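Q: Take this structure, written in C-alpha cells, and hold onto it; I'll ask about it next.
The values are calculated or read from the model by the stated rules, or taken from the named source; none is laboratory data. Being a predicted model, the structure only gives us computed values, none of them experimental. So basically every Cβ, Gly included, is an ideal-geometry build from the backbone, and we count neighbours across all protein chains shown. All accessible areas refer to the heavy atoms of the entire protein, side chains included, with ligands and DNA or RNA removed. Shrake-Rupley method; radii C 1.70, N 1.55, O 1.52, S 1.80 Å.
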Amino acid sequence: MQRLKDKIALVTGSSAGIGRAVAKLFAEEGAHVYITDIDGEGAEKLAAELTARKLGATAMTVDVSRGQDVTALMRTIEQTHRRLDVVVNNAGINVRTDFRHMTDSDWERLRDVNLDGVIRIARDAFPLMKASGSASLVNLASIMGHRGMRTLAAYGATKGAISALTRGLAVEYAPFNIRVNALAPGFIETALTERVLKIKAFSDALLSQTPLQRFGTSEDVAQAALFFASDESSFITGAELAVDGGMAAGL
C-alpha cells in the first residue's frame, strides 16, 4: 500500500541530494510532489523522470531566500491543488569558514536560505496546510545544531534555530492539525559533504565517532522523512529525529 497515496507534497531544494531522494520516494509512495530548487533545470529533469514513470510531479524554479519566488509557488499550488498535505523544508547551503574570518555577506547567505527560507515556507504554506485538514511539516535541521565543529559555528547556529522553530511551530500549528517535526542528519554522502569526506584523515575521524561505522545516504534521510510525512506518525509533533548512525548519542 502506498503510504502517501493522493497526498500533495512540497519538497524544497529537491533537484539533488537529500531533497531529490525525498521527492522521488514520496512520488513512488503515491504523492503528487512539487519539486522546487534554485536549479530549475535539475528540478525539471527529475520531474520528467518521475512523470515518465506515471508518477505525479511538478517542477518549479524557486529560491527560498526570495519572497516573490515563494509567493508564486504558493499561488501555483493553491490554483492547482488547493492544499498541501506535506511540506519538507530541505533547501539549505553551507559556508565553511573560521568564525573569526566570516564576513557579513557569508552570514547573510547562510541565514537567508537556512533560516529565513525555512520560516518563509512554513509561514506562507500555512493556509494550504490548514486546508489539508491533516498536514505534516518536516524541517531539515542537523546534528551540527547540537554539536560544535570548527568552521561550522555559523551553519550550526542556523540549524539550531530550526530545531527551536520546529518546537515552537508544533505548538502553534497543532490546533489546525498540522504536525511539525524535524530531522537532524549526521554526515550524509551528498555534494554538500563530498569535498570534506574525500579527506581520508577527516572521514576516518568521523567514522570513529559513528557507532554504525558508515556515512549516511540520502535514501536513509528520505525514509525518515517518509515516516514523519505519513499517517504512521499521526501522534508525533515537536520531535526531532537524529539520522546520524548514532553519532549524536556518543561522547
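Q: At 0.36 nm per residue, minus the direct Cα-Cα distance, what do residue 41 and residue 119 gain on full extension? Give it in nm, one decimal, please.
A: So the chain would gain 25.6 nm between residue 41 and residue 119.
Q: Related question: Would you kindly state how much longer the chain becomes between residue 101 and residue 192 on full extension, computed as 0.36 nm times their sequence separation minus their alpha carbon distance, in nm to one decimal?
A: That works out to 30.7 nm of additional length.
Q: Between residue 200 and residue 171, what's the calculated FRET efficiency when r is the beta-carbon distance and R0 is 30 Å? Round to 0.05.
A: So, using R0 = 30 Å, E works out to roughly 0.10.
Q: Can you tell me which aspartates and glutamates have their Cα less than 13 Å from the Cα of residue 198? Leave out same-chain residues fewer than eight positions away.
A: Correct list for residue 198: 189.
Q: By per-residue mean of other Cβ atoms within 10 Å, what is the highest-first order of 98-108, 178-188?
A: Answer by packing, highest mean first, reads 178-188, 98-108.
Q: Moving on to the next point. Could you rank the peptides 225-233, 77-85 by their average count of other C-beta atoms within 10 Å per residue, with the highest value first?
A: On the way: 225-233: 19.7, 77-85: 16.1.
Ranking, from highest mean packing down: 225-233, 77-85.
Q: Could you tell me the calculated FRET efficiency between residue 231 and residue 93, based on Cβ-Cβ distance and R0 = 22 angstrom, to the nearest 0.05?
A: 0.10
Q: Let me ask something additional. Residues of the stretch 33-88: accessible area per residue at 1.4 Å, in Å²? Kindly include the intermediate steps, with their values, before the conclusion.
A: Details: 2700 Å² over 56 residues.
That works out to 48 Å² per residue.
Q: Calculate for the chain the 222 nm mean residue ellipticity that helices alone would give, adding -39,500 (n - 2.57) per DSSP H run of length 4 or more and normalising by residue count, nearest 500 deg cm²/dmol. Walk me through the intermediate numbers first.
A: Values: 10 runs with 107 residues, N = 251.
Counting only the DSSP helices, I get -13000 deg cm²/dmol.
Q: Just report the Cα centroid separation between the stretch 28-47 and the stretch 168-207, whole Å.
A: Rounded to whole Å, the Cα centres lie 20 Å apart.
Q: Full-extension gain between residue 223 and residue 48, please, as 0.36 nm times their residue separation minus the C-alpha to C-alpha distance.
A: 60.8 nm
Q: So which chymotrypsin sites (Phe, Trp or Tyr not before Pro) in the stretch 123-180 are both in a DSSP loop and have at most 16 other Cβ atoms within 10 Å of their Cβ?
A: Answer by residue number: there is no such site.
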